[in-house]
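**Student:** Below you will find the structure I want to go over with you.
The values are calculated or read from the model by the stated rules, or taken from the named source; none is laboratory data. The model shown is predicted, which means the values in this text are computed figures rather than measured ones. Neighbour counts run over all protein chains shown; Cβ positions are idealised from the backbone, glycine included. These accessible areas exclude ligands, DNA and RNA; they are computed on the full protein's heavy atoms, side chains included. Shrake-Rupley method; radii C 1.70, N 1.55, O 1.52, S 1.80 Å.
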Amino acid sequence: MRSNHEAEPSVGAAHEATATNKATAIAVHTQAIPGNHAQALAALVAADFHNHDPAPGSSGGLEGLVATMHWFSDAFSDQHVEVLHAVAEGDLVALHVAFSARHTGYFRGLAPTGRHFTVREMHMLRFVDGREAEHWAVRDDAWLVRELSEHPVVPTSAVLAATQPGAAVGTAVPVAV
């Protein structure tokens with residue numbers, strides 16, 4: 001409870017802080033992380049950041065977030081995050097995004113397929129002093145692994161060899177869609 005001598009924060013200042021939090025959340029998730037910019041990420045995330053849904057084997061702190069960002073950069077090229085919805089209220093920001101990339105490095109033991117994919121994600125973020133302090137996420141990583149491994153990319157030469165006269169009858173050649 002505030003005493004009579006303490007000023008209530010103005011509605012305008014609260015609205016400005018909420019808008020700043022929303023802009024920061026969008027910058028973290030569309031620029032810093034997919035761009036593999038550790039210094040920018042450190043400037044936008046609180047030192048005591050806590051990720052409630054870290055990648056398997058990763059800590060829930062800032063170091064774990066940076067390590068996950070580097071891991072994704074090694075596994076996926078041409079990363080792009082499109083914000084489908086962004087809602088902010090007070091110190092909370094919710095993002096609904098579409099993450100797109102090309103699978104060009106190892107991901108959870110899966111060799112690079114060269115496949116392009118898009119997966120939707122939900123992120124809930126809490127801010128303290130204009131920095132992302134907590135993160136919760138809903139991602140379908142199991143779908144992503146299935147999507148990447150279901151239709152392996154086959155070199156054109158293998159497809160041509162399997163369709164030439166004399167090729168074994170009934171030989172299935174998986175083709176990327």
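**Student:** At 1.4 Å probe size, with the rest of the protein present, what percent of the exposed accessible area of the stretch 1-123 is carbon and sulfur atoms?
**Tutor:** 56 percent
**Student:** Separate question: Mind ordering 113-119, 100-106 by average Cβ neighbours within 10 Å, highest first?
**Tutor:** Packing order, densest peptide first, comes out as 100-106, 113-119.
**Student:** Where does each of 78-88, 32-42 land if you order them by average Cβ count within 10 Å, highest first?
**Tutor:** So the order, starting with the most tightly packed, is 32-42, 78-88.
**Student:** Okay, which of the stretch 126-141 sit inside 20 Å, backbone N to the point 7 Å along the Cα-Cβ direction of residue 38?
**Tutor:** Under cut-off, by backbone N: 132.
**Student:** Near residue 109, within a Cβ-to-Cβ distance under 14 Å, what is the net charge of the other residues, with Lys and Arg +1 and Asp and Glu -1?
**Tutor:** In short, 0.
**Student:** Under a Cβ-Cβ cut-off of 14 Å, what is the net charge of the residues other than residue 120 that fall near it, where Lys and Arg count +1 and Asp and Glu count -1?
**Tutor:** That works out to -4.
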